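A short reminder: the numbers here are calculations on the coordinates, not readings from a lab. Worth saying up front: this structure is predicted, and the values here are computed from it rather than measured. Ideal geometry is used to build each Cβ from the backbone, glycine not excepted, and the neighbour counts take in all protein chains shown.
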Amino acid sequence: MVTAVTPADRSGGAPPAGREELSRVRSALARGAGLDVALGSGAAPTTGAGGLARLTRHVRADVEGAGPVLQPLLELDGVTDVLVGAGRTWIDRGRGLEPVAEAALPETQARALAVRMAAACGRRLDDASPIVDVTLPDGTRLNAVLPPLSADGTLICLRTKRRRAFSIAELVAAGTVAPGLDAVLIALVTRRANCLVTGATGTGKTTLLAALLGLVPADERIVCIEEASELRPDHPHVIHLQERGENVQGVGAVPMTTLVRTALRMRPDRIVLGECRGPEVRDVLTALNTGHEGGWATLHANSPADVPARLTALGALAGLDEGAVAAQAVSALDAVVHLRRRARPGATTLRQVTAIGVLERDGERMRCRDALIIEPDGAVAAGTGVDRLAARIGEAPVTAALGDDVGAGRPATAQCAPAAAGTGAHVRVRTGTHRSRP
């Protein structure tokens, strides 16, 4: 399906009557005038308040934002990503990628826009430095690649900044968190558990983590360490540290490992790593093993079972062998909260918490056991790791997630029953209406 974007949505677009004004403002900016001065000199004497507001939006999009064609797309309700490549433009607003025919950019225009956006962030983008990954002044993430690295012309990937953090109640209403499972997530925060939020790209890891951090008591200090500042929890005391790349001379880089060590000296009550993707995993695990409770991090993984391999690979970048990573991770991390995209009727997708797991040692290796499994219909089943989870956060939230009718006198004690033939595992079976599976 090709998404239709009206001229009012595009703005790209300035009305014919405003094109001369826009040209005058651009000329004034090129001569070194400030934005306010340029707007004042460029606007026609007869321009009213509404016209001046439109002109200001056009100029800011042209100078500071994603341009008059793409900026309106970023501002559409529900849009999380705007992608440009091969002369086409797509948006993602939770229904999968939708092409936007009226926002297609020719190669020359796409390249000029990418170069200008990079320059607005103090970074160069040219044949000698053909890749850039930066944050625009309004918080939008930009990744751009130039030919010949891209065989399809200039590629632009824009990810919007979350306008506000959602609450856990809103995520339950949206279907991201199954009814009853919110009790477990809340307990992970209030009991100061150390947790990983995992999933593939675009599954809602940052959205969920921001909602959970909003549950942290107001008298606690949260230090967030990120490649680019994306986490915006609804909390009164959040400190943001973000990685800095090297400058055009190849110096000045400040990596995540340095930021993690710096965060430990900032009197944090909670340490949060926006994305664990390199040798900083060693410093984070060390911190969580030395008294820093209630820490959270996100990690790219396709399933909970893949988490041990991902942690091992990242630990190897820091010089840790498999046994050392297993010992550190199992000791430090209390739970793994996994999300994935699930298809829904009507060609829409649902970003949903599909499992909560726990890490365990298996000799020199580690594995992730499912503690709770969430079915597509929202039913919650117990996995083989449920006892370990209940031991960490308490029986009550686990019981609430599983839907046991304790009030009717049904026992909440666990029994063990054989799993499917050949698995060698057992599942926790409770009397009630919930399902159980290995």
**OP:** Could you please report the charge total around Asp126, scoring K, R as +1 and D, E as -1 over all other residues with beta-carbon less than 13 angstrom from its beta-carbon?
**Re:** +3
Subject >> Simple label model, 7 Å out from Cα along Cβ direction - Ala174 to Asp234, nm >> reply: 1.2 nm
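Charges only on Cβ, +1 for Lys and Arg, -1 for Asp and Glu: so what's the dipole of the range 168-436 about the Cα centre, in debye to the nearest 20? The partial results should precede the final answer.
Numbers: 28 positive and 29 negative charges, 49 e Å.
Approximately 240 debye in magnitude.
With a ≥ b ≥ c taken as the square roots of the eigenvalues of the C-alpha gyration tensor of the range 168-436, please select rounded if a/c is under 1.5 and otherwise prolate if a/b is larger than b/c or oblate if it is not? Please list the in-between numbers first.
On the way: a/c = 1.79, a/b = 1.53, b/c = 1.17.
Cα axes put the range 168-436 in the prolate bin.
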Subject >> Placed amide H near Leu273: partners under 5 Å, 5+ positions off or other chain >> reply: Ile225, Trp296, Ala297, Thr298
Original post:
Under a 5 Å amide H to amide H cut-off, with H placed in plane at 1.01 Å, what residues pair with Arg244 once short-range neighbours are removed?
Top reply: Val254
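Among Met256, Met266, which comes first, second and so on when ranked by fewest other beta-carbon atoms within 10 Å? Don't skip to the answer; put the middle values down first.
On the way: Met256 24, Met266 11.
Exposure proxy ranking, most exposed first: Met266, Met256.
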**OP:** Tabulate in residue order the Karplus-calculated ³J(HN,Hα) for the range 288-295, using 6.51 cos²θ - 1.76 cosθ + 1.60 with θ = phi - 60°, rounded to whole Hz; enter x for Gly and Pro.
**Re:** 5, 8, 10, x, 8, 8, x, x
Original post:
All other residues with a Cβ under 11 Å from the Cβ of Thr257 taken together, and with Lys, Arg as +1 and Asp, Glu as -1, what is their net charge?
Top reply: -1
Original post:
Can you give me the relative contact order of the range 168-436 as a percent, contacts being Cα pairs under 8 Å and 6 or more apart?
Top reply: 19 percent
**OP:** State the extension gain, in nm to one decimal, for the chain segment bounded by Arg116 and Ala253, taking 0.36 nm per residue of separation less the distance between their alpha-carbons.
**Re:** 47.1 nm
Original post:
List the trypsin sites (Lys or Arg not before Pro) in the range 257-317 that DSSP assigns to loop (not H, G, I, E or B) and whose Cβ has at most 13 other Cβ atoms within 10 Å. Which are they?
Top reply: Arg265
**OP:** Report ³J(HN,Hα) in whole Hz for each residue of the range 305-311, in order, from the Karplus equation J = 6.51 cos²θ - 1.76 cosθ + 1.60 where θ = phi - 60°; Gly and Pro get x.
**Re:** 5, 7, 4, x, 5, 5, 5
**OP:** For a quick protection proxy, order the peptides 351-358, 197-204, 214-221, 164-171 by their average other-Cβ count within 10 Å, most packed first.
**Re:** 351-358, 197-204, 164-171, 214-221
Subject >> Estimated vicinal HN-Hα couplings, Hz - the range 109-118 in sequence order (Karplus 6.51, -1.76, 1.60; Gly, Pro = x) >> reply: 6, 5, 5, 4, 5, 4, 5, 5, 5, 4
Subject >> Length added when fully stretched, Ser331-Arg265, from 0.36 nm per residue minus Cα-Cα >> reply: 21.5 nm
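Looking at the square roots a ≥ b ≥ c of the eigenvalues of the Cα gyration tensor of the range 287-345, which shape do they give, rounded for a/c under 1.5, prolate if a/b is larger than b/c, or oblate?
Working: a/c = 2.85, a/b = 1.58, b/c = 1.80.
Cα axes put the range 287-345 in the oblate bin.
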